[in-house]
Amino acid sequence: MIITDYLDKTAVTHPDKTAFTDETKTLTFGQLRQEACHIAAALAERSLFKKPIAIFMDKGAACISAFFGVAYSGNFYTVIDVEMPDARIDKILSSFQPAAILTTDRYLARVKNLSGKDCILIKQEDCMGQQLSGGTLSAVKSRIIDTDVAYVLYTSGSTGIPKGVIISHRALADFIDWAVERFDLNDGDVWGNQTPLYFSMSVLDVYATVKTGATMHIIPQRCFKVPKELMEFLAKNRINTLYWVPSALVFTAALAWKGTSQSVALKNIFFSGEVMPVRYLNKWMERYPNARYVNFYGQTEVTDTCTIYEVDRKFANTDSIPIGKPCANMDVFLLDEQNRLVTAQEAVGEVCVRGTGLACGYYHAPEKTADAFVQNPLNCAYPEIIYRTGDLACWNAYGELIYLSRKDFQIKHMGRRIELGEIETALLSLEEIESGCCLYDGKRSCIVSVYKGTLTEQELRNRLLKLLPEYMMPNKWYQVEAMPLNLNGKIDRQKLKETYLA
């Protein structure tokens, strides 16, 4: 199975159905395949096969055509965020070393000044006149196998160098096939896309839409700054399926519902990327009691998801939502610091993953690959690669995994081991706190809390002392008017560190 198989089928069964929309463009499945084949022809004409292709375009329906055009030509893509500073784009292009950059007339001059300027530059507008014969398309497809690379997505690197995560057709198709079957996704679904197309969460929106013949509306970014417009957009487009980062769901519950009578018939509310505050999950469940709520957990390195928890019981605001149990063809287990299997309830271990969804590693980064993708220490009989996530978790009484924190969120403070995630869970359980996070200043041995809410420092301390021991109390408190968000819509912890730990 390769990802173009989805479009080949859907373009026949739903040729005139709306597939993707943005503010300026609407594509049916038939048009999507036609545009993709034009792009594939432009790449094939230049004898490009199994080569890296960078996509430098505004987020929109045309990007989806580019994804499939690259796939039909037997190449693989990475998405460049046009909003990123050129310095970071240069780092990505230096790593990816694209054979071609697919762009638009709007960005042609800018692309010429970037690191990839020596590669082939192709304007998508020019591709629309290219023709690829059925025979040529079949010949190219016959050379593609499911372990070939489908895309490379760049994530933040701890050294400041972005890491390119390599995902194969097999890993992507296995994830999409499982999700479609597990959640009965179908052509009646209407997706409201929030996440950027360079972010791994978007692959479910995009490829489930194409596999099932659903419709995906790309929500304008301004809607997540203007609450009234967000609700109007969801209602107007009859969106019934969301896969958002929790920060976007919190924003909606905190602001977008106020003073609106817009009716939105939601049936699937999926979330991932960061911890979902239970207080806001409960607000969503009160407003949309008939919807299905699913916590997806995973990283780009596991094709976005390796475990899920479908909410099936009530949680108090101070509880943590489980990350659940493994997806099909994925095994998730915990290892302690001596690489021993952790099975005891509430015992802490690092989340490790094996299975079909594992990435092939990091692009042009063998040392980083060797650090994260390692031989399974529980298996000394034959080669078996696992991915060490760097996340800490434990098992609960239901046999579900509970996410605790990142390994680098675990600190030793005043002689005690502390999970910053536990402090954040308590903080976000308070009705008066809209958002917040905790940081650790190692130089000053200081726990720092940054929050948006109406409570004063003393009020916060008094309330948290009912939930946490004294030794877990933050030493410094910063009340802000707005939490900084990164381009994925999640709290920008790096920006907070630069601001409050300097």
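Can you pull out every residue in the stretch 172-226 that is assigned to a helix (DSSP H, G or I), more than 20 Å from LYS236 (Cα to Cα), open to solvent by 10 Å² or more (accessible area, probe 1.4 Å) and of a type outside the set (Val, Ile, Thr)?
ASP174, PHE175, ASP177, TRP178, GLU181, ARG182, LYS211 - these are the residues of the stretch 172-226 that are assigned to a helix (DSSP H, G or I), more than 20 Å from LYS236 (Cα to Cα), open to solvent by 10 Å² or more (accessible area, probe 1.4 Å) and of a type outside the set (Val, Ile, Thr).
How many of the residues making up the stretch 365-384 are surrounded by 14 or more Cβ atoms within 10 Å (Cβ to Cβ) and either under 25 Å from TYR77 (Cα atoms) or of a type in the set (A, V, I, L, M, F, W, C) (or both)?
Here the count works out to 7.
Restricting attention to the stretch 333-380, which residues are farther than 25 Å from ALA173 by Cα, in contact (Cβ under 8 Å) with a residue 60 or more places away in the chain and hydroxyl-bearing (Ser, Thr, Tyr)?
none
For the stretch 453-502, how many residues meet the condition of being in a helix (DSSP H, G or I) and either surrounded by 14 or more Cβ atoms within 10 Å (Cβ to Cβ) or at positive phi (or both)?
Residues in the stretch 453-502 being in a helix (DSSP H, G or I) and either surrounded by 14 or more Cβ atoms within 10 Å (Cβ to Cβ) or at positive phi (or both): 11 in total.
LYS141 passes all but one of (1) of a type in the set (D, E, K, R); (2) touching a helix residue (DSSP H, G or I) at 6+ places or on another chain (Cβ under 9 Å); (3) surrounded by 12 or more Cβ atoms within 10 Å (Cβ to Cβ); (4) at pLDDT 90 or above; which number fails?
Tallying (1) of a type in the set (D, E, K, R); (2) touching a helix residue (DSSP H, G or I) at 6+ places or on another chain (Cβ under 9 Å); (3) surrounded by 12 or more Cβ atoms within 10 Å (Cβ to Cβ); (4) at pLDDT 90 or above, LYS141 fails exactly one: (4).
Please go through the stretch 390-415 and pick out each residue that is among the hydroxyl-bearing types (Ser, Thr, Tyr) and either buried (at least 17 other Cβ atoms within 10 Å of the Cβ) or assigned to a helix (DSSP H, G or I) (or both).
If the condition is that a residue be among the hydroxyl-bearing types (Ser, Thr, Tyr) and either buried (at least 17 other Cβ atoms within 10 Å of the Cβ) or assigned to a helix (DSSP H, G or I) (or both), then TYR403, SER405 are the ones that fit.
If I ask for residues that are over 24 Å from GLU346 (Cα atoms) and either open to solvent by less than 30 Å² (accessible area, probe 1.4 Å) or among the small types (Gly, Ala, Ser) (or both), which ones from the stretch 416-438 would you list?
Hits for the stretch 416-438 are LEU430, ILE433, SER435, GLY436.
Can you tell me which of (1) open to solvent by less than 20 Å² (accessible area, probe 1.4 Å); (2) of a type in the set (Phe, Trp, Tyr); (3) assigned to a loop (DSSP other than H, G, I, E, B) is the one TYR387 doesn't meet?
The single condition TYR387 does not satisfy is (3).
Taking the condition of being aromatic (Phe, Trp, Tyr) and part of a helix (DSSP H, G or I), how many residues in the stretch 227-261 meet it?
Here the count works out to 2.
The values are calculated or read from the model by the stated rules, or taken from the named source; none is laboratory data. Quantities reported herein were computed from a predicted structural model and do not represent experimental measurements. Cβ: placed from backbone, ideal geometry, glycine included. Neighbour counts: every protein chain shown. The area values use the complete protein model at the heavy-atom level, side chains included, leaving out ligands, DNA and RNA. Shrake-Rupley method; radii C 1.70, N 1.55, O 1.52, S 1.80 Å.
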